[in-house]
Amino acid sequence: MGPLFILLVLELLTRNVYAAPGRFMRVVQITGGLAGAIAGVPLLRSVPWHRADGPLTRLLGSVAIGAVWGFIIACLALDLLARETATQVRTVQVPYAVTSGWKNCGYGIAFDDEALRGRITVCGPRWHLPRQPDTGMLHVTETVGPWGVILNQVSLAVHP
């Protein structure tokens, strides 16, 4: 129960935070996954497995569960680093395009972020952005730092 609580708190602290993509970020994520995989073997030894599962299945299950947890914690730690180091507030207007949705989101709004040097896709209904028109301009207010950005406000700038 404790790890789930920690995961929930980290997720709430890193809402609307996007870590800058790059080689360093990928190395930290992969390292977190590997560390979790190694730590999962002794930590998940006492988990009650099905009787039909053999020792190899239990070992691979422990490694897989640990790797997923390590990867998730590394990603959230990078987002937390981005949140703690972001200090400069900036406001820009960027072109956007409507994209397909995902679980719990009917449609997405995608735009290129110059400070992040990458593409950000946000949930349109969550930010109260309309589905139509398919393209346009967004007014984005964000806090920028060396490790990523925090989206403060995303709104429709120009409605054709």
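Of everything listed in (1) touching a residue at least 24 places away in the same chain (Cβ under 8 Å); (2) buried (at least 17 other Cβ atoms within 10 Å of the Cβ); (3) assigned to a helix (DSSP H, G or I), the single unmet condition for G136 is (3).
Reported count of residues in region 31-86, each being hydroxyl-bearing (S, T, Y) and surrounded by 14 or more Cβ atoms within 10 Å (Cβ to Cβ), is 1. When we screen T135, T57, T143 for residues that are at pLDDT 95 or above and at negative phi, the only hit is T143.
In the set (1) over 16 Å from the mean Cα position of the chain (by Cα); (2) more than 20 Å from L13 (Cβ to Cβ); (3) part of a strand (DSSP E or B), the condition left unmet by R119 is number (1).
All of V92, V27, V47 fail the test of being of a type in the set (A, V, I, L, M), more than 19 Å from I150 (Cβ to Cβ) and outside any helix (DSSP H, G or I), apart from V47.
Of all the residues that make up region 139-160, how many are of a type in the set (A, V, I, L, M) and either without any contact (Cβ under 8 Å) to a residue 40 or more places away in the chain or out of contact with any helix residue (DSSP H, G or I) (no Cβ under 8 Å at 6 or more places or on another chain) (or both)? Working first, answer last.
Of region 139-160, the ones of a type in the set (A, V, I, L, M) are 140, 144, 149-151, 154, 156-158.
Checking the rest, the ones that are also either without any contact (Cβ under 8 Å) to a residue 40 or more places away in the chain or out of contact with any helix residue (DSSP H, G or I) (no Cβ under 8 Å at 6 or more places or on another chain) (or both) come to 140, 144, 151, 156-158.
Qualifying residue count, region 139-160: 6.
Each residue in region 84-128 was checked for being touching a residue at least 40 places away in the same chain (Cβ under 8 Å), within 16 Å of T141 (Cβ to Cβ) and of a type in the set (D, E, K, R), and 2 pass. Would you confirm, using the coordinates I've provided, whether L81 is assigned to a helix (DSSP H, G or I) and touching a residue at least 12 places away in the same chain (Cβ under 8 Å)? Yes.
The values are calculated or read from the model by the stated rules, or taken from the named source; none is laboratory data. As the structure is a prediction and not an experimental result, all values here were calculated from the model. Heads up, the Cβs are rebuilt from the backbone with ideal geometry, glycines too, and the neighbour counts pull from every protein chain shown.
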